[in-house]
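Contents: one structure, followed by commentary.
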Amino acid sequence: MPEMAVLEHDLQHSLIIMTTTFNDDGSKAIQRSTEVSETRTASEEIDVVYEIEKTCSFITDNGFKKVALQFPDELLIDAAAIISKLEKNTTAKLFILGDTSYGSCCVDEVAAEHLEADSLVHYGRACLSPSRRLPVMYVFGQKPVDLHQCAASFQALYPDKNTRVIILCDVIYSYVLEKLRQLLHPEYKNLVVSKICSGQNETIDLCKTNGLHYGGDVDSCSTFRSCNHICNQSSYQVISKFGRHCFISASTDVTDYSMFYIGQESPTLTNFMMTWNQCSFCSFDPVKGVGRQESLNVNRALMKRYYMIERAKDAQVVGILVGTLGVADYLSTIDHLKSIIKKAGKKSYTFVMGKLNAAKLANFMEVDIYVLVACPENSLLDSSEFYRPVVTPYEMEVACNQAREWTGEYITDFRDLLPGACSHIEFPDDTFNSGETDISLVTGALRATHLPKSEWQNKASSTSVIPRNEALAITQPHSAASFLASRSWQGLQQQLGKTSVSKAAVGRKGIAIAYEGEATS
């Protein structure tokens, strides 16, 4: 199993954690504070930090009439000043989206469409996952960075001037990359600085700027949108991952480079480290002004994720959680998951429930495991407090598709798994280990590893009974339907024609903890 660079402290601090306790009276939610800036951005700085002139051009040049402005909680303090400046320079009707349906890093196209907006401006940190329905402009903001201190940390971490290094950053620090390159490039000849690209036009412009010709289509080419892609020139290749593009020599591979990340511990850094786990990582924290070498850990993250895969292999009923309604190809991914789950002989159900918590998922006890379809930054969910585990689409595919082996490679972008993408692997046919079993590493029980094609093709999609012939029917013992039938309470039922009609009567008064007339202990 290959070594992987992970943070020295527990990865739980850098994964997205959306949990709540089962017995919660709501006081924690009331007392919880939101991290916001202590002071508003100065009026003269708003034009620069929030790119007012560029935003006005985006609105007026495209003739947009209704524009949604999406803010994370920490930037709402500046929302009024921003919308005031935009209204003075445009004729469009502007709306503020202050509470997103899912993660604030994703473009909330659904909320914007409810307002009949014809475009959206996204402020703050972003996962840069592509969207399809609305034109989007990203305004990341500009958090302060001491460039000279950052350059000094880089030189201390990489004393060898010939080292191949790719500089990555959180999007809120992307504005300093070119200045940092100018400080370091005279000494470091093999330095590569990534570029933030949020759309096809920016990608084409980036290729032209670097003297390359791009002849593809970002929307139709799944290989380019999240994987390595070679432009039409022999000396360079474009590495594209999580909205960052960088040009490296065609004779090298990304594993030949070290990674230098500018930003604090975040899901973005975790995603890069999980994806490029063969590369060494260093980081510079602009808030603390400290650079450090990220430590190597062989087992902590990989073994935790492999345990999730074993749980997925044991599961018979799988819940597919829809964690995004805006990321491109999320519907194709859900259909793909349904297909491989069915072929593996498991039952699947789809759930759309907004932001997740333990109490919501605990309502469905018949589900053995959940798979979350979300953007890369929200996919690595810590489910330690959940009643059932929550895995990623990649982990579910490893569990269901025998042709995909666990090698230590990790994929957080679900689009890479779709047919035509760089990491897609076809489901095996009947000749591949048909009828074989293995032993669960969790329960120690035997389990089937492959369902013959004739089985899953004939398998009924909406019933727990599979007809085999006119005289015999076999019931699946682990189906959700049989579990529901064994429940003493199966939800509200109309019972039409079975309940006598009675007049309305005065009910009990008081609160649930102590109604009037009840004896109190």
Under the Karplus relation 6.51 cos²θ - 1.76 cosθ + 1.60, θ = phi - 60°, what is the ordered set of whole-Hz ³J(HN,Hα) values for region 358-366, x standing for Gly and Pro?
5, 5, 4, 6, 5, 6, 10, 5, 6
Normalised by the empirical 2.2 N^0.38 Å for globular proteins, what value does the Cα Rg of region 253-411 take?
1.13
Which shape class, rounded, prolate or oblate, goes with region 316-375 when its Cα gyration tensor gives a ≥ b ≥ c as root eigenvalues, a/c under 1.5 marks rounded, and past that a/b bigger than b/c marks prolate?
oblate
With all protein chains present and a 1.4 Å probe, the order of 252, 443 from largest accessible area down is 443, 252
Taking amide H positions as placed 1.01 Å from N in the peptide plane, with prolines and chain starts having none, which residues 5 or more places from residue 250, or on another chain, fall under 5 Å of its amide H?
236, 237
Holding the Cα-Cα limit at 22 Å, pick out from 360/509; 195/304; 143/288 the pairs that are longer than that.
360/509; 195/304
For residue 391, which sequence-distant residues (separation of 5 or more, or a different chain) have an amide H within less than 5 Å of its own amide H, given hydrogens modelled in the peptide plane?
370, 371, 372
Give a residue-ordered list of calculated ³J(HN,Hα) values for region 388-404 (Karplus: 6.51 cos²θ - 1.76 cosθ + 1.60, θ = phi - 60°; whole Hz; x for Gly, Pro).
10, x, 10, 10, 8, x, 5, 5, 5, 5, 4, 6, 9, 9, 5, 6, 9
In nm, to one decimal, how far is the modelled label at residue 47 from the one at residue 403, with both set 7 Å along Cα→Cβ?
5.9
Which sequence of 276, 406 reflects their accessible areas, 1.4 Å probe, from the largest down?
406, 276
Which value, in Å² rounded to 10, gives the accessible area of residue 336 with a 1.4 Å probe and all protein chains present?
30
Mean Cβ neighbour count within 10 Å, used as a protection proxy, ranking 313-319, 344-350 highest first
313-319, 344-350
For 414, 95, the accessible-area ranking with a 1.4 Å probe, largest leading, is 95, 414
Once phi is turned into θ = phi - 60°, what whole-Hz ³J(HN,Hα) does the Karplus curve with 6.51, -1.76 and 1.60 give for every residue of region 310-325, x standing for Gly and Pro?
5, 5, 5, 5, 6, 5, 10, 10, 10, x, 8, 8, 8, x, 7, 10
Setting aside same-chain residues fewer than 8 positions from residue 65, which lysines have a Cα under 25 Å from its Cα?
54, 85, 88, 93
Please go through region 95-161 and write out the GluC sites (Glu not before Pro) that DSSP classes as loop and that have at most 14 other C-beta atoms within 10 Å.
116
What figure, in Å² to the nearest 10, do you get for the accessible area of residue 500 with a 1.4 Å probe and non-protein molecules left out?
100
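The values are calculated or read from the model by the stated rules, or taken from the named source; none is laboratory data. These numbers were taken from a predicted model, which means no experiment stands behind them. Here the Cβ is made from the backbone with ideal geometry for all residues, glycine too, and neighbour counts use every protein chain on show. We work out accessible area using only protein heavy atoms, side chains counted, and drop any ligands, DNA or RNA first. Shrake-Rupley method; radii C 1.70, N 1.55, O 1.52, S 1.80 Å.
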